[in-house]
Amino acid sequence: FHSSPALQSAADPAAALEDNLARIRENHERALREAKETLQKLPEEIQRDILLEKEKVAQDQLRDKAVFRRLPPVDFVPPIGAVGREPADAAIREKRAKIKEMMKHAWNNYKRYAWGLNELKPISKEGHSSSLFGSIKGATIVDALDTLFIMEMKDEFEEAKSWVEENLDFNVNAEVSVFEVNIRFVGGLLSAYYLSGEEIFRKKAVELGVKLLPAFHTPSGIPWALLNIKSGIGRNWPWASGGSSILAEFGTLHLEFLHLSHLSGNPIFAEKVMNIRTVLNNLEKPQGLYPNYLNPSSGQWGQYHVSVGGLGDSFYEYLLKAWLMSDKTDLEAKKMYFDAVQAIETHLIRKSSTGLTYIAEWKGGLLEHKMGHLTCFAGGMFALGADDAPAGLTQHYLQLGAEIARTCYESYNRTYMKLGPEAFRFDGGVEAIATRQNEKYYILRPEVVETYMYMWRLTHDPKYRKWAWEAVEALENHCRVNGGYSGLRDVYQRHESYDDVQQSFFLAETLKYLYLIFSDDDLLPLEHWVFNTEAHLLPILSTNKKEVEVNEK
């Protein structure tokens, strides 16, 4: 199973290698050409280009802002299943109460030692600020809002809301990750609005959305990864292939931006993300696969790397969820999703010698037999999409979801700490085990319990509750410290080496998914809600809902 179909199909591997080298040479020459063209410009030409670009950005920003002086009135639709009932079974009730107590421990320590900062350092007992958010503050507060709400932690929700009202400030002169700010801040604010109906959350979500619009000012409309929200100047990660934007970053704006248009009455947000889809649809896909890199200037693919883990993951998730969130009217999203999944099955999904199904990484036709913790979300995705699969494939996708869940469970079970590593491999006789030191860490990630949650909801097989409870016990045994919860540097060691960060997504996602596994299905029913990739709740935009009146003026 180690050789890839691309090579098997070539009559002789040497020819395939030659093709590969030719493609690398061609990419290399194109990069040189682009660099030359830039260098051939006179300094004053470059100066003029910069000034023109600045002028254009400034004008665009003025135009964008003018639209949002006043938000149109909107009918708040009370949420369905925003609070559930107590589970009837006493043992399940007790487990659920334990997970709520974990949330209290995480929240109270954040409040005590890091209030108003982005994240908590639970060992040092101080604040932690990731560069992803520039100098925007309060990531843990915004990320935790909806979890506090559904756990009925009313006092905590109120104090969080007050902080948002008084202190959440986006007028910062700093570079932010467009993707991270969208999924955590825009997503968190939208979710809090749809659960509580509090106008401040709608106002802040739209205000932040407007600040992100300049990221789309590129020749292709594919947004930059990084944006200075004061100057409106964007750029890409310096490490990304040939100045490319990242598939999982520009592909994970769709759900939030549709809701921003819905709540602001302004179509601009939806237009920006629909244009991304147009660009993708007009590109040739190698073997039907979507490479992780796309150059925003040329509108062409960068390196041919494909992954359902980091750099690719949530793009596929958002295709499926765009279809579900549209009340199953967005047929284009449905087609894109199932076409992509078919290509992934053909080229990336493999079975190990002992029968574990895993998703490898594809690099220009060659497979790397490694699966990341991030990739473990895909079990839940396959199962969630199973209902709408092409004829006769529903059982197949549920089964595939179950197999991925099992493999990811094994990645946890084969460690000393019973928590999974960042990445695990299937080569050189190892299966579902991390072989490199820099892949042995666990940073409180949610993807495995996320898959357990979907598998539980869709099958009610008790093993998913059993596996989820094992994860709870492991978190309590190894990650819980006096000052909160910390990530671990090596899950295979007997002694904890803490990374000293309580990630905001631990409160947004990990604890929320665990809580839902031990709740009845009427808490956030899947037919009414879609989770964004940070587990923030977005209601299905049903076709008969009264749309926000667009203010023609």
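The values are calculated or read from the model by the stated rules, or taken from the named source; none is laboratory data. These numbers come from a predicted model, not from an experiment. Counting neighbours? That spans all protein chains shown, and the Cβs are built from the backbone with ideal geometry, glycine included. Accessible surface is based on the protein model in full, side chains and every heavy atom, while ligands, DNA and RNA are left aside. Shrake-Rupley method; radii C 1.70, N 1.55, O 1.52, S 1.80 Å.
Just a few scattered comments:
- Within the stretch 324-359, the set of residues being open to solvent by less than 60 Å² (accessible area, probe 1.4 Å), in contact (Cβ under 8 Å) with a residue 60 or more places away in the chain, in contact with a strand residue (DSSP E or B) (Cβ under 7 Å, 6 or more places away or on another chain) and not in a helix (DSSP H, G or I) comprises ARG350, SER352, TYR358.
- Failed item in (1) buried (at least 23 other Cβ atoms within 10 Å of the Cβ); (2) at pLDDT below 95; (3) charged (D, E, K, R), with GLU450 passing the rest: (2)
- Take the conditions (1) of a type in the set (Gly, Ala, Ser); (2) open to solvent by less than 10 Å² (accessible area, probe 1.4 Å); (3) out of contact with any Gly (no Cβ under 6 Å at 6 or more places or on another chain); GLY428 misses just one of them, which is (2).
Conditions tested, residue by residue: (1) in contact with a His (Cβ under 8 Å, 6 or more places away or on another chain); (2) in a helix (DSSP H, G or I); (3) open to solvent by less than 10 Å² (accessible area, probe 1.4 Å); (4) among the aliphatic types (A, V, I, L, M).
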| site | (1), (2), (3), (4) |
| --- | --- |
| GLU496 | yes, no, no, no |
| PHE505 | no, yes, no, no |
| TYR513 | no, yes, yes, no |
| ASP521 | no, no, no, no |
| GLU527 | no, no, no, no |
| ALA535 | no, no, yes, yes |
| LEU538 | yes, no, yes, yes |
| LEU541 | yes, no, no, yes |
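- Check on LEU488, open to solvent by less than 20 Å² (accessible area, probe 1.4 Å), out of contact with any Cys (no Cβ under 9 Å at 6 or more places or on another chain) and either of a type outside the set (Phe, Trp, Tyr) or within 23 Å of ARG465 (Cα to Cα) (or both): no
- Of all residues in the stretch 382-397, those that are closer than 19 Å to PHE531 by Cα and either in contact (Cβ under 8 Å) with a residue 60 or more places away in the chain or surrounded by fewer than 18 Cβ atoms within 10 Å (Cβ to Cβ) (or both) total 6.
- Residue satisfying all of: in the stretch 264-291; touching a residue at least 12 places away in the same chain (Cβ under 8 Å) and part of a loop (DSSP other than H, G, I, E, B); most open to solvent (accessible area, probe 1.4 Å) among these: PRO267
- Those helices (runs of 4 or more DSSP H) of the stretch 166-252 that lie entirely within it include none in which at least 1 residues are modelled with pLDDT under 95, touching a helix residue (DSSP H, G or I) at 6+ places or on another chain (Cβ under 7 Å) and closer than 20 Å to ASN275 by Cα.
- If only residues of the stretch 108-140 that are over 22 Å from the mean Cα position of the chain (by Cα) and among the aromatic types (Phe, Trp, Tyr) are counted, the one that is most open to solvent (accessible area, probe 1.4 Å) is TRP115.
- In this entry, LEU132 passes the filter for residues that are more than 30 Å from ASP522 (Cβ to Cβ) and modelled with pLDDT under 95.
- Test: residue in the stretch 71-92 that is outside any helix (DSSP H, G or I), modelled with pLDDT under 75 and either open to solvent by 70 Å² or more (accessible area, probe 1.4 Å) or hydroxyl-bearing (Ser, Thr, Tyr) (or both): no
- Residue in the stretch 53-68 that is at pLDDT 70 or above, outside any helix (DSSP H, G or I) and open to solvent by less than 100 Å² (accessible area, probe 1.4 Å) present: no
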